[in-house]
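Q: Let me begin by handing over the structure; questions about it come next.
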Amino acid sequence: MDLSELERDNTGRCRLNSPVPSVCCKEPCVLGVDEAGRGPVLGPMVYAICYCPLSRLADLEALKVADSKTLSESERDRLFAKMEEDGDFVGWALDVLSPNLISTSMLGRVKYNLNSLSHDTATGLVQYALDQGVKVAQVFVDTVGPPETYQERLQQRFPGVEVTVKAKADALYPVVSAASICAKVARDQAVKNWKFVEKLQDLDTDYGSGYPSDPKTKAWLREHVDPVFGFPQFVRFSWRTAQSILEKEAEDVTWEDSQTGDQEGLKRIKSYFSKGPRARLPHRYFQERGLESATIL
């Protein structure tokens, strides 16, 4: 899998895809959606779709695809290579979401939680297949959150498509298993070949599993936290595990105007209930940025 685009810039998101088989633009197709790397504190999350004509679904099943979590890395690589060889009827596409994008989304002023990010990414990939001319007739999705509400949401978005959302769909439907293999192969390769934008000395690339509960992963996080600048962008700093280490290992930051600003705000709020002229508060945009009217040029 060619991840050169991600390697050039791994701070945001990128979309990769196979050529669309011509038969998929002519015959009704089945499409599966799954992800890899939702839970780890390290590395990207990858969402993938895989699709093929309904008339060739038996051929996809004959590849012996299975839930990627039950396969070894070599087995996943072999099956993905086989799907590439069968590119005359199997297509795929994926979105790679960087740790930086995930964390800034979750901690932004307007909160964008992981479920919403996952739902929107999956929806975007289904729409992408449709935009590429794939005649999507059925969609099977491994659920994130309650499957009933997720299915209803997708069905409303794609009224002309039969949508099924299930827990453990990657073990139930071969087309979802195929998508899970695409996602896992991409994530494994991205993690293995991650280009650190930070100039780190004596970098230890033995991260462990990357999951927050892994002692080796926790040790790696403690070893690679900078007391001022925090973690490399390989780390999802919005995860509680990372935040706890920052609180213990990094320097505290005190905003000099925080307390004064709070007291000022309270005073002005009370002024609304007092007699006399009301003080006009500047717009929040100016308050948050510490901007004041210029009196001298």
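Q: On average over all directions, what projected area in square nanometres does region 97-207 have, based on the convex hull of its Cα atoms?
A: Directional mean of the projected Cα hull area for region 97-207 stands at 9.4 nm².
Q: What is the extension gain from Gln287 to Arg240, computed as 0.36 nm multiplied by their sequence separation minus the C-alpha to C-alpha distance, in nm to one decimal?
A: 14.0 nm
Q: Can you pull the one-decimal nm distance between simple spin-label points at Asp9 and Ser72, each 7 Å off the Cα toward Cβ?
A: 3.9 nm
Q: Continuing with the same structure: On a straight-distance basis, which lysines could pair with Lys82 in a cross-link, Cα separation under 27 angstrom, same-chain partners fewer than 8 positions away excluded?
A: Lys26, Lys64, Lys69, Lys135, Lys166, Lys168, Lys184, Lys192
Q: Under unit Cβ charges (Lys, Arg +1; Asp, Glu -1), what dipole magnitude, rounded to 20 debye, does the chain have relative to its Cα centre?
A: Using Cβ point charges on Lys, Arg, Asp and Glu, the chain gives about 1320 debye.
Q: Okay, moving on. Please identify, among Leu42, Leu60, Leu200, the residue showing maximal mean-square fluctuation in a Gaussian network model of the chain using a 10 angstrom Cα cutoff.
A: Top of the fluctuation ranking is Leu200.
Q: With a probe of 1.4 Å, find how much accessible area the chain has per residue, and write the answer as a whole number in Å².
A: Each residue of the chain exposes 56 Å² on average to a 1.4 Å probe.
Q: Three principal axis extents, largest first, for the C-alpha atoms of the chain, in Å?
A: The Cα atoms of the chain stretch 79, 50, 39 Å along their principal axes.
Q: In degrees, nearest 10, range 0 to 90: what is the angle between the Cα axis of helix 147-157 and the longest Cα principal axis of the chain?
A: Approximately 90 degrees, to the nearest 10.
Q: For Cα pairs less than 8 Å apart in space and 6+ apart in sequence, what is the mean separation divided by the residue count of the chain, i.e. the relative contact order in percent?
A: 25 percent
Q: Just to be sure I understand: of the beta bridges DSSP finds with both ends in region 3-193, what percent are antiparallel, rounded to 5?
A: Approximately 65 percent, going by the DSSP bridge assignments.
Q: Using Cα pairs closer than 8 Å and at least 6 residues apart in sequence, work out the relative contact order for region 66-156, in percent.
A: Worked out over region 66-156, it gives 18 percent.
Q: Return the carbon/sulfur percentage of the accessible area of the chain, one whole number, probe 1.4 Å, all protein chains in place.
A: The value for the chain is 51 percent carbon and sulfur by accessible area.
Q: Quick one: 3J(HN,Hα) in Hz for region 227-244, Karplus 6.51/-1.76/1.60 with θ = phi - 60°, rounded, Gly and Pro as x.
A: With the stated coefficients, region 227-244 comes to x, 10, 9, x, 9, x, 6, 6, 9, 7, 6, 7, 6, 4, 4, 5, 5, 5 Hz.
The values are calculated or read from the model by the stated rules, or taken from the named source; none is laboratory data. As the structure is a computational prediction, the values presented were derived from the model and not from experiment. Neighbour counts run over all protein chains shown; Cβ positions are idealised from the backbone, glycine included. Each accessible area value is taken on the protein alone, full model and side chains, heavy atoms only, with ligands, DNA and RNA left out. Shrake-Rupley method; radii C 1.70, N 1.55, O 1.52, S 1.80 Å.
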